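Reviewing the structure listed below.
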Amino acid sequence: MPIVEWNDSFLVGVEPFDGHHKHLVDLLNRSYTGLVHAAPLENCGDLLEELSDYVSYHFVAEELWMMENSYPRYEEHIAEHNNYIKQLQEFQQDYRQGRAETSLEVFTFLRRWLVEHILTSDADYGRFISTQTHESGRA
Ligand SMILES: [Fe+2]
């Protein structure tokens, strides 16, 4: 049972970010499944590492894109990204030190954060760029 079911409301209309978000949801689901089914610790740790590497890669790509497109809410967006990275790092650290008792709570946090971030903050840059494209099309 996946922790996040992908649906089209997650689409922000900007590639490659829709593809990135799908991959992130998939990685989150795989990390969660590993944990629920008590996969060997290293497997789960590897997935978490893959998740956090991919998150960093994706955030940098979005941040560059926002800068290039003069997105006005760039700083707030970066602050949200940094908060997510911090939480992921704390979780990885707990996991490495064998303190994973609260992992379901943490996964619930990660899922809520990811979904809310895509549906509000990422959707916002999607709307922004579609307005820009529309306006420049008319000019
Ligand atoms: Fe984002």
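Since every read-out is calculated from the coordinates, none of them should be taken as a lab result. Everything quoted here is computed from the prediction, not taken from an experiment. Ideal geometry is used to build each Cβ from the backbone, glycine not excepted, and the neighbour counts take in all protein chains shown.
Odds and ends about this structure:
- When the alpha carbon coordinates of the range 1-71 are projected onto the principal axes, the ranges are 45, 24, 13 Å, largest first.
- Taking each residue as 0.36 nm, the span from Y74 to L119 lengthens on full extension beyond its C-alpha to C-alpha distance by 14.6 nm.
- Helices in the chain, meaning DSSP H runs of at least 4 residues, each add -39500 (n - 2.57). Divided by all residues, the mean residue ellipticity at 222 nm is -25000 deg cm²/dmol.
- Counting only Cβ charges, +1 for Lys and Arg and -1 for Asp and Glu, the dipole size of the chain around its Cα centre is about 180 debye.
- With q set to 0.16 Å⁻¹, the log10 of I(q)/I(0) for the chain, from the Debye formula over equal scatterers at the Cα positions, is -0.83.
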